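Colleague: Shown below is the structure under consideration.
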Amino acid sequence: MKSKQAPKATSKKSAILIGLAGLTVVALAAAMFLAPYIRSARSEATLEISMSGWSPAVINAKAGEPVAVTMINMDNQFHTDGGGWHGFTVPAFGVDERVAPKQTRTFTFTPTKAGEYVFYCGICCGGKENPFMRGKLIVN
């Protein structure tokens, strides 16, 4: 003889699943609505680098917050000084990243102290001594 409770258990499970699905939909809708108003705790900078220098040459960031830097190398492998490679160096924060010719590289670092810091390409074109091969990181 079969128990009559089996259909009730299935109905309860279905109701719970439908309720959870409804809550999920409401939570996702709220997240999508609020997303533009929620401040990201991350700065982003896209920099082009070539033998002509950095563009732009200034990055703004906040102390203690990650900075995502996308370096776009505009030079090709025939650039005689450094073989077309470029770098992004900020000694104060231990950053020393490189990007191959005609490539893009994204990396993240966290500046820990407010101030103004020099970043530069130390691979070619006179490095940090060349005013076009250096830029400014402003940390607030």
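The values are calculated or read from the model by the stated rules, or taken from the named source; none is laboratory data. Note that the structure is a prediction, hence the values are computed from the model and not measured. Note: ideal-geometry Cβ built from the backbone for every residue, glycine included; neighbour counts use all protein chains shown.
Colleague: Being closer than 20 Å to Leu137 by Cα and either modelled with pLDDT under 95 or small (Gly, Ala, Ser) (or both) is the requirement here; does Gly53 meet it? Walk me through how you get there before you give the answer.
Modeller: Values: closer than 20 Å to Leu137 by Cα: yes; either modelled with pLDDT under 95 or small (Gly, Ala, Ser) (or both): yes.
Criteria met by Gly53.
Colleague: Just checking, which of Thr89, Thr70 is among the hydroxyl-bearing types (Ser, Thr, Tyr), within 20 Å of Asn140 (Cα to Cα), at pLDDT 95 or above and surrounded by 10 or more Cβ atoms within 10 Å (Cβ to Cβ)?
Modeller: Thr89
Colleague: Filter segment 52-61 down to residues that are surrounded by 15 or more Cβ atoms within 10 Å (Cβ to Cβ) and under 14 Å from the mean Cα position of the chain (by Cα) and give me whichever is farthest from Tyr120 (Cα to Cα).
Modeller: The selected residue is Ala61.
Colleague: If a residue has to be touching a Gly at 6+ places or on another chain (Cβ under 9 Å) and in a strand (DSSP E or B) to count, how many in segment 56-87 make the cut?
Modeller: Residues of segment 56-87 that are touching a Gly at 6+ places or on another chain (Cβ under 9 Å), as a first pass: 56-59, 63, 71, 73, 75-78, 81, 87.
Narrowing the set further to residues that are in a strand (DSSP E or B) leaves 58-59, 71, 73, 87.
Summing the residues that are touching a Gly at 6+ places or on another chain (Cβ under 9 Å) and in a strand (DSSP E or B) in segment 56-87 gives 5.
Colleague: For segment 104-140, which positions are more than 25 Å from Gly83 (Cβ to Cβ) and assigned to a loop (DSSP other than H, G, I, E, B)?
Modeller: Passing the criteria: Thr110, Pro111, Thr112, Lys113, Ala114, Asn140.
Colleague: So which of Gly115, Gly82, Gly94, Gly126 ends up being touching a Cys at 6+ places or on another chain (Cβ under 8 Å) and surrounded by fewer than 20 Cβ atoms within 10 Å (Cβ to Cβ)? Before the answer, list the steps.
Modeller: Numbers: Gly115 fails: touching a Cys at 6+ places or on another chain (Cβ under 8 Å); Gly94 fails: touching a Cys at 6+ places or on another chain (Cβ under 8 Å); Gly126 fails: touching a Cys at 6+ places or on another chain (Cβ under 8 Å).
Result of the check over Gly115, Gly82, Gly94, Gly126: Gly82.
Colleague: Shifting gears a bit: Between a residue in segment 72-87 that is on the phi > 0 side of the Ramachandran plot and in the same structural domain as Thr106 (by TED's automatic domain parsing) and any residue that is surrounded by fewer than 18 Cβ atoms within 10 Å (Cβ to Cβ) and modelled with pLDDT of 85 or more, which pairs come within a Cβ distance under 8 Å, given they are 6 or more apart or on different chains?
Modeller: Gly83/Pro101; Gly84/Asn76; Gly84/Ala100; Gly84/Pro101; Gly84/Lys102
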